[in-house]
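Accompanying notes for the structure given below.
Please treat every number below as a calculation from the coordinates, not as lab data. As the structure is a computational prediction, the values presented were derived from the model and not from experiment. In this analysis, Cβ positions are derived from the backbone assuming ideal geometry, glycine residues included, and neighbour counts consider all displayed protein chains.
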Amino acid sequence: MKIATFNINGIKARINALSDWLDEAQPDVALLQEIKSVDEAFPSEMFEEKGYNVVTHGQKSFNGVAILSKLPLEDVTRGLPILADGDEADEQARWIEATVVGKQAVRLCNLYLPNGNPVELTEDGQPVPGGKYAYKLRWMERMHARAQQLLAEEAPFLMAGDYNIIPQAEDAKRPQAWEGDAAYRPESHAMWRKLLNLGFTEAFRSRTFGAGHYSFWDYQAGAWNRDDGIRIDHFLLSPQCADLLLDCQIDKEVRGREKPSDHVPVWVELDL
DNA sequence: ATGTCCTTGGCTCAAGGA
């Protein structure tokens, strides 16, 4: 089973690019982020005609996630659970879960992690409460709690999407340019490791080593032409899911096409 | 650090987000 993640940066602007990529890459499942559309405006019919089931969790203008799947999507839930006193339901559409059943069932968590910039810090270096960076870190804390719940089931599941996290220096062409950025700050790296340390396998790095592998190139300053990219789109696999991993690749060439997203698809092949 | 793109409001450009 081929499962892909793809931040499309707006469904209206990406209809053709997305359609073409689906036709040739033929993923069984596509986890989409930044659909930037309300549910009613998402062109589900176009994907249903290609044989996909479609579920969305959208909002106006920003964010929004969707799942396309050739297999039925079961037990769909939207949003991260409210996990602590004082937590409010997330008004931002960034998380959707569903289960697909191949040889066995696998739970799919599709996420669009907050960007977190600009970073605002207090005088003693703490993220300003209510600021975008504090929201990112708090969101990661909630995601961590949800991951713990799912791990307790000891069944295959994955969490994939746009993490807005550059894991290591080798994941950026110019790492020094990202120092201080919400995707590369120490607090962000600490939360990323805290997630991984629950026992996840980062699919791409379990198979490919070394620098020069990116999933995002900014539209600005000729980043694509200079291959000035970062790797921020990831798959985290639960132990039972990692055992099923056959392959993980980045569809880099998609970035060089007509009217591209600033992200490219990343996919895993699972023995399912 | 900014050589861009996407969205919306209610236009023909500006602002916010990334």
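For region A:110-144, filtered to residues that are away from DNA strand B (no atom under 11 Å from the Cβ) and polar (S, T, N, Q), the residue that is surrounded by the most Cβ atoms within 10 Å (Cβ to Cβ) is A:N110. Regarding region A:233-251, can at least one residue be identified that is within 16 Å of DNA strand B (Cβ to nearest atom) and not small (G, A, S)? Yes, that holds for at least one residue.
Can you give me the number of residues within region A:81-109 that are away from DNA strand B (no atom under 16 Å from the Cβ), on the phi < 0 side of the Ramachandran plot and in a loop (DSSP other than H, G, I, E, B)? Give the steps one after another, and end with the answer.
As a first pass, look at region A:81-109 and keep what is away from DNA strand B (no atom under 16 Å from the Cβ): A:81-89, A:96-109.
Applying the additional criterion that residues be on the phi < 0 side of the Ramachandran plot yields A:81-85, A:87-89, A:96-109.
From the residues that got through so far, the ones that are in a loop (DSSP other than H, G, I, E, B) too are A:81-85, A:87-89, A:102-104.
Result for region A:81-109: 11.
Within region A:64-80, the set of residues being surrounded by fewer than 22 Cβ atoms within 10 Å (Cβ to Cβ) and not in a loop (DSSP other than H, G, I, E, B) comprises A:E74, A:D75, A:V76, A:T77, A:R78. In region A:122-139, the residues that are of a type in the set (S, T, N, Q) reach residues that are part of a loop (DSSP other than H, G, I, E, B) with C-beta atoms within less than 8 angstrom, at least six apart or across chains, in these pairs: A:T122/A:V128.
Which of the residues spanning region A:1-27 are assigned to a strand (DSSP E or B) and either surrounded by fewer than 22 Cβ atoms within 10 Å (Cβ to Cβ) or within 16 Å of DNA strand B (Cβ to nearest atom) (or both)?
Let us first name the residues in region A:1-27 that are assigned to a strand (DSSP E or B), namely A:2-7.
Residues satisfying the conditions are A:K2, A:T5, A:F6, A:N7.
Filtered by the rule that a residue be of a type in the set (S, T, N, Q), surrounded by 12 or more Cβ atoms within 10 Å (Cβ to Cβ) and farther than 19 Å from A:A134 by Cα, region A:167-188 gives a lone residue, A:Q168. Considering (1) surrounded by fewer than 16 Cβ atoms within 10 Å (Cβ to Cβ); (2) away from DNA strand B (no atom under 16 Å from the Cβ); (3) not in a loop (DSSP other than H, G, I, E, B), the lone condition that A:A30 does not fulfil carries the number (1).
Among residues belonging to region A:35-65 that are away from DNA strand B (no atom under 13 Å from the Cβ) and closer than 15 Å to A:Y112 by Cα, point out the one that is nearest to the chain's Cα centre (by Cα). Explain how you work it out, then say what you get.
So in region A:35-65, the residues away from DNA strand B (no atom under 13 Å from the Cβ) come out as A:44-57, A:65.
Of the ones still in play, those that are also closer than 15 Å to A:Y112 by Cα are A:56-57, A:65.
Working: A:T56: 15, A:H57: 14, A:V65: 9 Å.
If we take residues in region A:35-65 being away from DNA strand B (no atom under 13 Å from the Cβ) and closer than 15 Å to A:Y112 by Cα, then A:V65 is nearest to the chain's Cα centre (by Cα).
With the structure loaded, tell me whether A:K173 is charged (D, E, K, R), touching a residue at least 40 places away in the same chain (Cβ under 8 Å), touching a helix residue (DSSP H, G or I) at 6+ places or on another chain (Cβ under 9 Å) and within 16 Å of DNA strand B (Cβ to nearest atom) or whether it fails that test.
No, not satisfied.
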